[in-house]
Amino acid sequence: MSNVRINNGRRRFLTATTSVVGGIGAIAIAIPFIKSWNPSEKAKAAGAPVEVNISKLTDGQMIRVEWRGKPVWIVRRSKAVLQQLATHDDQLRDPISNEPQQPAYAQNPYRSLKPEIFLAVGICTHLGCSPTYLPNSFSEQVSGVAAGFFCPCHGSTFDMAGRVFAGVPAPLNLVVPPHQFLDDNTILIGLDKETA
């Protein structure tokens, strides 16, 4: 037998110290790894709600803003345009907006919270082109309809509520983003009242 004395106290101390240092090292590695799962500040900003002042928007005028990297159109519709919306339901693919292309509060004939203000993501639901707004010459595309949106890529047409006409390649109405009015002149795009 060997005459070597085993110092159990020192062994326990070294084992505990090694465990503590190893645990601290594991935490030091885990924190940046877990933080990398969170979206970057740039990604957070890209998905953040967008506040838009519409106080200077006149009848027939459209402004474009970007939300989540997509163009969003905001159009002030005149009384004449609003009256014409109900006159061509028989020409539309989804006139009462059964498909979930809009929040529940925009599932109405105007597809908006306020009839005179229309918002839509400016991307055709066929292949992702951006339709052209034709406030005065849309009747060249659809007879009897004065204003609307025409997609030059494949000929899809949408009325002033973003509803798609039948017989064109686009299968669905334009997407209406979640939004709310902060006051009469300010829209917040990207956030519903229910989630605010």
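The values are calculated or read from the model by the stated rules, or taken from the named source; none is laboratory data. Quick caveat: nothing in here was measured; it's all calculated off a predicted structure. Glycine also receives a Cβ, built like all others from the backbone with ideal geometry; neighbour counts cover every protein chain displayed. Heads up: the accessible areas ignore ligands, DNA and RNA and are worked out on the full protein's heavy atoms, side chains in. Shrake-Rupley method; radii C 1.70, N 1.55, O 1.52, S 1.80 Å.
Note that the chain presents 59 Å² accessible area per residue, ligands and nucleic acids not counted, probe 1.4 Å.
Extension gain, K114 to L127: 0.36 nm times the residue separation minus the Cα-Cα distance gives 1.8 nm.
Taking the Cα centre of the chain as reference, the dipole from Cβ charges on Lys and Arg (+1) and Asp and Glu (-1) amounts to some 1580 debye.
When DSSP beta bridges are limited to those with both residues in the chain, what percentage is antiparallel, rounded to the nearest 5? Provide the component values of the computation, followed by the final result.
Values: 26 of 26 bridges.
Approximately 100 percent, going by the DSSP bridge assignments.
Could you work out the helix-only [θ] at 222 nm for the chain, with each DSSP H run of four or more residues adding -39,500 (n - 2.57) and the total divided by the number of residues, to the nearest 500 deg cm²/dmol?
Taken over the chain, the calculation gives -6500 deg cm²/dmol.
Taking all protein chains as shown and a probe of 1.4 angstrom, R76 keeps an accessible surface of around 50 Å².
The W37 and I96 beta-carbon pair, evaluated with R₀ = 41 Å, returns a calculated FRET efficiency of approximately 0.45. Stokes-Einstein diffusion coefficient for the chain at 25 °C in a medium of 0.890 mPa s, Rh from the Kirkwood formula over Cα pairs: what value in µm²/s? Stokes-Einstein gives a translational diffusion coefficient of 122 µm²/s.
Most tightly packed first, judged by the mean number of other beta-carbon atoms within 10 Å of their residues, the peptides 104-116, 50-62, 169-181 read 169-181, 104-116, 50-62.
A 1.4 Å probe over all protein chains sorts S137, S156, S19 by accessible area into S19, S137, S156, starting with the largest. Ordered from largest to smallest accessible area (heavy atoms of protein chains, 1.4 Å probe), the residues D192, D184, D89, D159 come out as D184, D89, D192, D159. For the stretch 15-170, the carbon plus sulfur part of the accessible surface works out to 58%, probe radius 1.4 Å.
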